[in-house]
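Report on one structure; see the data block that follows.
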């Protein structure tokens, strides 16, 4: 739930109040395509990358530029962090939220993984890696390639060698 | 117009994190998807970062397969994989143990091997003639032709053919990894009367343990070999030095003792049919047994394999408070090759047993055995092996979570008509 403020920046808040609480300090993040996001410092600190920057005093008044993360993906990562910071103890709710969160197309999931990797958000990485692993389970090699849109660029000799070594797993 | 774009690849370290979550069959397939995924798996293995616990599988053979073929039934995927194994043919071997991904087998010359059915690695163990009750008999050409076997001190030794000795001598075997000396040890329980001998990998002979008898099961933890005898007595030995020393058992978490009780069903002689499972916690301080009625979220995997006590949370393919069992009664297994095997899943909450898979997939001989797949090299040429394969790491995990569960299993057969506990 994002509201556009007068100056065009998006406020993606996770708290119950619609106004920014004076005590929860905000930090501005800029996506690669120049969109601006206001986030609580607490939520932003879920990213170890940003957390270290804040601690080292590297964040100025302008905010943090994230040249590797596009706006749509950054919005999603922020939504994740806000949700986890808002009610960390409500395990059932969080589990339900997480399940819905990763229920996306695989290329979007990969984009989230890349962003979470760059931003170093461990919980989100763990969730996404487990999701990808679960997608791989019990699938044949061809099914995995199709699911993730991966081109088989083995040479025929390489492929034959691999199949020979672990033939039992391919039947 | 939407452009079809091949998604850029995930970084290698991320692929490694994903692959570290997969069990072996899925990992093998993932590594075959494309060169970049293959490379990630290679790195994962080389750096020793693949520590995923594996769900035990049932290893069995089938009459419709070849003599060197075996099958692995996966409890996770509910399907079987076919493996073609190295010589000598698996259907001609006795399977006397399964630990940490290794089968312990006895061939038709009564010699023992370690065999990893996934990696095909095979290791010859010290010759059977180095076991205490065995002496070789040579023919006029100097070739080994028979064995002398001393079954009891008061009986004269008898002569066994090369393939016959294994019926009289071998009972069960285990493979353990000692993290302090970073070495593998093989432990053999054998006749007469359940003696215990051991050999570190690389030894050229077996060492007989002093003089206790009637051992039934054993386990290795924190540098000590624990062995349980037929009536439930537990001994601990330090077998790392030049002399074996016996230790007092210090409380080191929970010890469980399990009794599998045969029920009387209309069946062939010596046909075992587990009808009840009783589990006791061993109070070493007070030297008594306390019956427990539930394993909560734990799962037991029992049989001729090394007994396993696992957390159902880590193994989604297994049901909590259940016992997955195969036969572990040596007389039944080796004495009656055509007998039906007692294999199934016991629900402790309802005290009921169920089929593992129906219809029966396996041939009765060699008897099916649980195995935990492993792809760690036993004898790598450069890097020391890692203690990743299940049992030892499971005990470490349990110790972190609660107490370490050390587990023993004893077969207790109520034979109706005889009316006593054997």
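The values are calculated or read from the model by the stated rules, or taken from the named source; none is laboratory data. What you see is a predicted model; the values in this text were computed from it and never measured. So basically every Cβ, Gly included, is an ideal-geometry build from the backbone, and we count neighbours across all protein chains shown.
Some values worked out for this structure:
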{"quantity": "Positions within the range B:59-72 being surrounded by fewer than 24 Cβ atoms within 10 Å (Cβ to Cβ) and under 17 Å from residue B:374 (Cβ atoms), in sequence order", "calculated": "B:72"}
{"quantity": "Of all residues making up the range B:264-282, the number that are closer than 16 Å to residue B:231 by Cα and at pLDDT below 75", "calculated": "1"}
{"quantity": "Criterion: within 14 Å of chain A (Cβ to nearest Cβ) and outside any helix (DSSP H, G or I) - qualifying residue of B:108, B:65", "calculated": "B:65"}
{"quantity": "Residue among B:15, B:72, B:21 that alone is at pLDDT 95 or above and over 24 Å from the mean Cα position of the chain (by Cα)", "calculated": "B:15"}
{"quantity": "Qualifying residues in the range B:112-148 (those that are part of a loop (DSSP other than H, G, I, E, B) and within 18 Å of the chain's Cα centre (by Cα)) - the one surrounded by the fewest Cβ atoms within 10 Å (Cβ to Cβ)", "calculated": "B:120"}
{"quantity": "Contacts under 6 angstrom Cβ, first residue in the range B:19-43 being within 7 Å of another protein chain (Cβ to nearest Cβ) and at positive phi, partner part of a helix (DSSP H, G or I) and at pLDDT 95 or above, 6 or more apart", "calculated": "none"}
{"quantity": "3 or more residues surrounded by 20 or more Cβ atoms within 10 Å (Cβ to Cβ) and modelled with pLDDT of 90 or more: qualifying strands (runs of 3 or more DSSP E) within the range B:155-239", "calculated": "B:170-178, B:183-190, B:195-200"}
{"quantity": "In the range A:61-79, the residues that are closer than 16 Å to residue A:49 by Cα and under 13 Å from the mean Cα position of the chain (by Cα)", "calculated": "A:68, A:69, A:74, A:77, A:78"}
{"quantity": "Residue ID - nearest to the other protein chains (Cβ to nearest Cβ), chosen from residues in the range B:48-61 that are in a loop (DSSP other than H, G, I, E, B) and under 30 Å from residue B:363 (Cβ atoms)", "calculated": "B:55"}
{"quantity": "Test for residue B:95: is it in a strand (DSSP E or B) and within 13 Å of another protein chain (Cβ to nearest Cβ)", "calculated": "no"}
{"quantity": "Any chance residue B:318 is at pLDDT 90 or above and in contact with a helix residue (DSSP H, G or I) (Cβ under 9 Å, 6 or more places away or on another chain)", "calculated": "no"}
{"quantity": "Residue within the range A:54-68 that is closer than 17 Å to residue A:125 by Cβ, surrounded by 18 or more Cβ atoms within 10 Å (Cβ to Cβ) and touching a residue at least 60 places away in the same chain (Cβ under 8 Å) present", "calculated": "no"}
{"quantity": "The range A:83-98, residues that are loosely packed, with under 15 Cβ neighbours inside 10 Å and either in contact with a helix residue (DSSP H, G or I) (Cβ under 9 Å, 6 or more places away or on another chain) or outside any helix (DSSP H, G or I) (or both)", "calculated": "A:87, A:88, A:89, A:90, A:93"}
{"quantity": "Evaluation of residue B:45 against (1) surrounded by 20 or more Cβ atoms within 10 Å (Cβ to Cβ); (2) assigned to a helix (DSSP H, G or I) (one fails), failing number", "calculated": "(1)"}
{"quantity": "Answer residue from the range B:78-91, given it is surrounded by fewer than 17 Cβ atoms within 10 Å (Cβ to Cβ) and within 13 Å of chain A (Cβ to nearest Cβ) and is farthest from residue B:325 (Cα to Cα) among those", "calculated": "B:84"}
{"quantity": "Evaluation of residue B:71 against (1) within 12 Å of chain A (Cβ to nearest Cβ); (2) touching a helix residue (DSSP H, G or I) at 6+ places or on another chain (Cβ under 9 Å) (one fails), failing number", "calculated": "(2)"}
{"quantity": "Among (1) closer than 22 Å to residue A:129 by Cα; (2) surrounded by 14 or more Cβ atoms within 10 Å (Cβ to Cβ); (3) at pLDDT below 90, the one test that residue A:80 misses", "calculated": "(3)"}
{"quantity": "The range B:97-111: number of residues that are touching a helix residue (DSSP H, G or I) at 6+ places or on another chain (Cβ under 9 Å) and surrounded by 18 or more Cβ atoms within 10 Å (Cβ to Cβ)", "calculated": "9"}
{"quantity": "Helices (runs of 4 or more DSSP H) enclosed by the range A:99-171 - at least 2 residues per element that are touching a residue at least 12 places away in the same chain (Cβ under 8 Å) and either over 18 Å from residue B:12 (Cβ atoms) or at the interface with chain B (Cβ under 8 Å from one of its Cβ atoms) (or both)", "calculated": "A:106-119, A:122-136, A:141-148"}
{"quantity": "Residue that is modelled with the highest pLDDT [pool: residues in the range B:295-307 that are in a loop (DSSP other than H, G, I, E, B) and in contact with a strand residue (DSSP E or B) (Cβ under 9 Å, 6 or more places away or on another chain)]", "calculated": "B:297"}
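Yes/no per residue for (1) farther than 26 Å from residue B:186 by Cβ; (2) out of contact with any strand residue (DSSP E or B) (no Cβ under 7 Å at 6 or more places or on another chain):
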| position | (1), (2) |
| --- | --- |
| B:309 | no, no |
| B:314 | yes, yes |
| B:337 | no, yes |
| B:370 | no, no |
